[in-house]
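Read the structure below first, then the notes.
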Amino acid sequence: MSQYLNLFIEESNEHLQNMNDILLELEKDTENISLVNELFRVAHTLKGMSGTMGFTNMADLTHEMESVLDGVRNNRIHLNENIIDVLFECFDTLDEMVSYIVENGKEFEDNNKELIEKLREIAGGGKTSKTTNSHTKTQSNYLDSYVLNVIEEAQNRGLNAYNISITLSPDCMLKSARAFVIVNTLDAIGDIVYSNPSTEDIEDEQFDLEFSLILITSAEKDTLLEKLNNISEVEHVEIELVESDKKKGEKEDDKNKNESIAVKEDMQVDKKTDEKDKLSKVNKVTKTVRVDIDRLDNLMNLASELIIIKNRMEDLSGTSNKEDMVQAIESLERITTNLHNAVMKVRMVPIERVFNRFPRMVRDLSKELNKKVKLNMYGENTEVDRTVIDEIGDPLIHLIRNSLDHGIEYPQERIKLGKSEEGNLTLKAYPDGNNVVIEISDDGSGIDFEKVKKKSIEKGLITEQEAENITENELVNVLFEPGFSTSDEITEISGRGVGLDVVKNKIESINGTIELESQRHRGTKFTIRIPLTLAIIQVLLVMLRDEIYAIPLSSIIEIITVKKDNIRSIHEQEIMLYRGKTIPIVRLDKLMGLGSEELLDEYVAVVVRKGEKLAVLLVDNLIGQQEIVIKPLGKYLSFIKHFSGATILGNGDVSLILDVNSLV
Amino acid sequence: MASTIQSKYVTFKLGKEYYGLPIENVLSIEKPSKTTRIPNAPDFIIGLINLRGDVIPVVDLRTKLGMEKKQVDKDSRIIIMKEKENIVGLIVDSSKEVLDIDEEDIDKPPTDETNAIIDCISGIGKKGERLIFILNSLKLLEIRS
C-alpha cells in the first residue's frame with residue numbers, strides 16, 4: 001500500500017488545488033452548473049482514491065459532499081453563500097486530512113461528524129424543499145433537458161451519443177465492482193453524461209442486474225460493443241444511438257412544449273459554451289513530471305563536480321601550453337554550462353505553486369475584515385528554483401496579510417477618499433536577468449511616515465534629533481527593524497509584534513532583497529528580488545593576504561582604485577565620494593581579522609550594493625571572475641557572520657563567499 | 001555469555017588519555033588536509049576542509065576541551081562526526097581501534113559544569129586496565145567554549 005501513498009498524496013493535492021480553484025470560481029458564479037459538475041467529479045475521484053487507500057473518514061466526507069453537489073446539479077438544492085462556505089470548510093478539512101496523511105502515513109482519527117451533519121442537513125433540506133420550490137422543474141425533467149442539451153451539443157461537434165444498456169450475468173459476485181470496471185472503461189473512451197440508476201446507487205449495489213448509461217464519444221458502436229464484451233460477467237449489452245431532443249421534437253407533434261424547450265435550450269447552450277471557456281481556464285492542468293528531489297539534487301551535484309573539474313583544468317592549462325588542452329576546456333565549459341542549464345530547468349517550477357493559495361486566503365481575510373478586496377495576479381508562470389518556492393511562501397503571506405489588514409481601507413472610508421469601494425491587491429512576478437522579481441502592491445492607505453517617525457522615537461530606534469532630518473527612505477529601513485509594528489491594535493491577522501524584519505530575514509536568507517515604496521493614500525509596493533537559483537553563481541575572487549574570498553557578481557557594481565587622499569573619515573567610519581554620493585568604506589582585511597597593513601597610496605576596491613545602498617570594499621588583489629558552486633556552511637556555523645556559504649576552488653581549496661548584505 | 005548490552009565506540013587519544021565516541025556518530029576518519037580559516041570564529045573552530053566535495057567545519061578537540069594546543073603531526077586525524085544534521089570534523093592526536101564496551105562497564109562521570117572536559121563526557125568506560133572517556137556528541141557541538 002505504501003508504494004501508492006506517494007501517488008495518492010500527489011494526486012490528492014492536485015485534485016484539492018483544483019477543488020479550491022473551482023470553489024472560488026463557483027462563489028462568483030453560483031449558477032454555473034458545469035462548475036458544479038466539475039466539483040462533483042473531483043469529490044468523486046477523491047472519494048474513490050481515499051476509499052482505495054482505506055482512508056474511510058476522507059471517503060465518508062467526500063461522499064457527503066457528493067450528495068450535496070448531486071442535489072445542486074439536479075436543482076434540488078439552491079447554491080447559496082452558506083453552502084459554499086460549508087464546501088470551503090470541507091475543502092479545508094480535506095486539505096488537513098491529506099497533510100496529516102503526508103506527515104503520519106495514516107489517517108487522522110476524526111470522522112468530522114459536525115461537518116458531515118451540516119452536509120446532510122443541506123442535502124436533506126434540498127429534498128424537502130423540492131416540492132415547495134415552484135421554480136424548479138421536477139428532477140427527471142430537468143435532468144432530461146440537461147442531458148439532451150449536452151447530447152445535442154456533442155452532436156453539433158460531430159460526436160455520437162449512445163444509450164448503453166448493460167445486463168450483468170446473474171452469478172456476478174461483486175456487482176458494483178463490475179459496474180465500476182464498466183464505467184471506467186467507458187470513461188476512458190468518452191464522457192458518461194447520464195446513468196440510470198445514479199452512479200451512487202450503482203456503487204452501493206442499489207441495482208438489480210441491469211443499468212443503463214448515456215455515453216458521448218467519438219468511437220463507433222462496434223468498438224464499444226467489443227470493449228464491453230471483453231469485460232467478463234457481462235451478460236448482455238445493448239447500444240443504441242440517441243437522437244437529440246430537437247430532432248426528436250421535430251418529429252413529435254407537441255409543438256408548444258417543443259418550442260419552449262428549444263428556446264430554453266438555446267439560452268443554455270450559449271451560457272454553457274461560456275461556462276466551458278471559464279472551466280477550461282480553471283482546469284488547465286500543466287503536464288508535470290514528478291521527480292524525486294533527491295535525484296534532482298544528485299544530478300545537481302554531478303553538474304557541480306563537473307564545474308569543479310573544469311576549474312581545475314583551467315588551472316592546469318596555465319602550466320602546459322597545449323592548444324588541445326585549451327580546446328578541450330572550452331568544450332567542457334560548454335557542456336557544463338548546458339548541463340547546468342538543463343538541470344536548472346528541471347528544478348524550476350512556476351511560482352503559481354505559491355500564488356495559487358492566495359485567492360482563497362484573500363477571500364477569507366477580506367470576509368473576516370469586512371473589506372472588499374480584488375486580487376490581481378500576473379506572471380504566475382514565472383519559474384523559480386524549487387528551493388525558492390519553499391522559502392518564499394511565508395514572507396509573501398505575511399506581506400499580503402499586512403496589505404489587507406493595514407493597507408486597504410474599509411469600503412466606506414475608500415468611498416470617502418474618492419477611491420473605488422473595492423481595494424486592489426496586485427501580485428506580479430517576472431524574471432529580470434538572473435533574478436526573479438515579485439511585486440506586491442495595494443492601493444490602500446500607504447504608510448503614515450509621521451506615525452512611523454513617532455513610533456520609532458518611542459521605541460528608541462531613532463533619536464528625536466535624527467527624526468528631524470530623517471528622509472522617508474531612511475524611515476523605510478526602520479520599518480524592517482525587529483519589533484516594529486505601527487498598527488495601534490493587535491489583530492488576529494497581523495501585528496503580533498512579528499514584523500517586517502522576519503520577512504526581510506527570510507528573503508535575505510535566500511540571497512534576496514526587499515524594497516518598499518509607499519505613498520500616503522496611494523498605496524504601498526513591496527519589491528522582492530530573489531536569485532533564479534541558489535546553487536551556482538558567478539563570483540569575483542579576491543585576495544586578502546594569502547586568503548581567497550568570493551564576492552557574488554550580482555552585488556558588484558564596479559571595480560575601482562581608491563587613492564589614499566580620497567578617503568575621509570567621520571567618527572572612525574571611513575567614507576569616500578563615489579559618483580557624487582558619499583559611501584562607506586569597508587576594509588575587508590580588518591573585518592576578516594587580518595589587521596590592517598601599513599597604509600598604501602592606492603587600493604584596489606570593489607563597489608558593491610545592497611538594494612539602493614552602496615559600499616566600497618578594499619581588497620589586496622583581484623584574481624578573476626569564476627562560476628562557483630555554493631556549499632552551505634551548515635547549521636553548526638549558522639552563527640558565523642559575513643558569509644553566505646563556501647565553495648571549492650579549482651585546486652580543491654575551500655573559499656568563503658562574502659555575504660554582501662551583511663557588509664553594506 | 002553474560003546477557004549484557006555492548007556498544008561500539010571509536011576510540012582516539014588526546015595527550016595520554018583515551019576518548020571514545022559512539023560509532024553511530026562517526027562517519028569516517030580522515031588524515032588532516034588543508035583548512036581554510038573562518039574569520040571571527042571561536043578559537044576552537046580551526047576552519048573548513050574539502051571532504052570529497054563537501055565543505056565541513058573542523059574543530060580542534062583539544063582547544064574545545066580546554067587542553068593545550070598541539071601541532072598537527074603525522075599521527076593526527078580528523079574524526080568526521082555526525083549529530084543530527086550537523087557534520088563536524090574533530091582533530092585528535094591519533095585514532096585508535098573500535099572497542100566493544102559493556103553498558104555495565106560504563107560509569108557515570110562526576111558532574112562539574114565548570115570543567116570543559118567533564119562537561120562533555122557522558123560516561124567513563126572500562127576496558128581491561130584502560131579508561132575511556134566517552135564523549136557526548138551533543139555537548140561537543142555547543143558553540144560556547
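The values are calculated or read from the model by the stated rules, or taken from the named source; none is laboratory data. Nothing here was measured: the structure is a model prediction, and the numbers come from that model. Every residue, glycine as well, gets a Cβ built from its backbone with ideal geometry; the counts of neighbours run over all protein chains shown.
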Item to check | Options A:Leu649, A:Leu618, A:Leu614, A:Leu591: the member that is within 40 Å of the chain's Cα centre (by Cα) and either at the interface with chain B (Cβ under 10 Å from one of its Cβ atoms) or surrounded by 19 or more Cβ atoms within 10 Å (Cβ to Cβ) (or both) | outcome: A:Leu649
Checklist entry - Where residues in the range A:535-584 are part of a strand (DSSP E or B) and acidic (Asp, Glu), which of them is nearest to A:Pro632 (Cα to Cα)? => result A:Glu547
Item to check | Filter result for A:Val373 (modelled with pLDDT of 90 or more and either among the aromatic types (Phe, Trp, Tyr) or farther than 30 Å from A:Arg347 by Cα (or both)) | outcome: yes
Checklist outcome for this item: If we keep only residues of the range A:528-575 that are under 24 Å from A:Leu594 (Cβ atoms) and under 33 Å from the mean Cα position of the chain (by Cα), then the residue surrounded by the fewest Cβ atoms within 10 Å (Cβ to Cβ) is A:Leu553
Checklist outcome for this item: A:Leu7 vs (1) surrounded by 18 or more Cβ atoms within 10 Å (Cβ to Cβ); (2) free of Cβ contacts under 8 Å to residues at least 40 places away in the same chain; (3) aliphatic (A, V, I, L, M): all pass except (1)
Checklist entry - Of the numbered conditions (1) touching a residue at least 12 places away in the same chain (Cβ under 8 Å); (2) touching a His at 6+ places or on another chain (Cβ under 9 Å), B:Asn40 satisfies every one except a single condition; which is it? => result (1)
Next on the checklist: I'd like to verify a number: residues in the range A:634-646 that are out of contact with any strand residue (DSSP E or B) (no Cβ under 6 Å at 6 or more places or on another chain) and either within 8 Å of another protein chain (Cβ to nearest Cβ) or in contact (Cβ under 8 Å) with a residue 24 or more places away in the chain (or both), how many?
Outcome noted: 5
Next on the checklist: Looking at the range A:422-444, can you tell me whether even one residue there is among the basic types (Lys, Arg) and either in a helix (DSSP H, G or I) or in contact with a Leu (Cβ under 8 Å, 6 or more places away or on another chain) (or both)?
Outcome noted: no
Next on the checklist: I need the full set of residues from the range B:56-86 which are more than 14 Å from chain A (Cβ to nearest Cβ), crowded, with 19+ Cβ neighbours inside 10 Å and of a type outside the set (A, V, I, L, M, F, W, C), in order please.
Outcome noted: B:Asp60, B:Thr63, B:Arg77
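Condition check ((1) in contact with a Ser or Thr (Cβ under 7 Å, 6 or more places away or on another chain); (2) modelled with pLDDT of 90 or more; (3) not polar (S, T, N, Q)) across all residues:
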{"residue": "A:Phe526", "(1), (2), (3)": "no, yes, yes"}
{"residue": "A:Ile530", "(1), (2), (3)": "no, no, yes"}
{"residue": "A:Leu540", "(1), (2), (3)": "no, yes, yes"}
{"residue": "A:Arg545", "(1), (2), (3)": "no, no, yes"}
{"residue": "A:Ile551", "(1), (2), (3)": "no, yes, yes"}
{"residue": "A:Thr561", "(1), (2), (3)": "no, yes, no"}
{"residue": "A:Ser569", "(1), (2), (3)": "no, no, no"}
Next on the checklist: Name the single residue that is farthest from the other protein chains (Cβ to nearest Cβ) among those in the range B:34-55 being surrounded by fewer than 21 Cβ atoms within 10 Å (Cβ to Cβ) and among the aliphatic types (A, V, I, L, M).
Outcome noted: B:Leu51
Checklist outcome for this item: Expected single match for within 13 Å of chain B (Cβ to nearest Cβ) and touching a Ser or Thr at 6+ places or on another chain (Cβ under 7 Å) among A:Ser655, A:Ser662 is A:Ser655
Item to check | Residue list for the range A:523-542, filter: out of contact with any Phe, Trp or Tyr (no Cβ under 8 Å at 6 or more places or on another chain) and within 18 Å of A:Asp589 (Cβ to Cβ) | outcome: A:Leu540
Checklist entry - A:Asp204 versus (1) loosely packed, with under 15 Cβ neighbours inside 10 Å; (2) at pLDDT below 75; (3) more than 21 Å from A:Thr45 (Cβ to Cβ): which is the lone unmet condition? => result (3)
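Yes/no per residue for (1) out of contact with any strand residue (DSSP E or B) (no Cβ under 8 Å at 6 or more places or on another chain); (2) at pLDDT 75 or above; (3) part of a helix (DSSP H, G or I):
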| residue | (1), (2), (3) |
| --- | --- |
| A:Ile335 | yes, no, yes |
| A:His340 | no, no, yes |
| A:Val349 | no, yes, no |
| A:Met361 | yes, yes, yes |
Next on the checklist: Can you find a residue that is within 16 Å of A:Pro431 (Cα to Cα) and among the polar types (S, T, N, Q) anywhere in the range A:380-394?
Outcome noted: yes
Item to check | Hits in the range A:388-406 - residues which are surrounded by 19 or more Cβ atoms within 10 Å (Cβ to Cβ), modelled with pLDDT under 85 and touching a strand residue (DSSP E or B) at 6+ places or on another chain (Cβ under 6 Å) | outcome: A:Val388
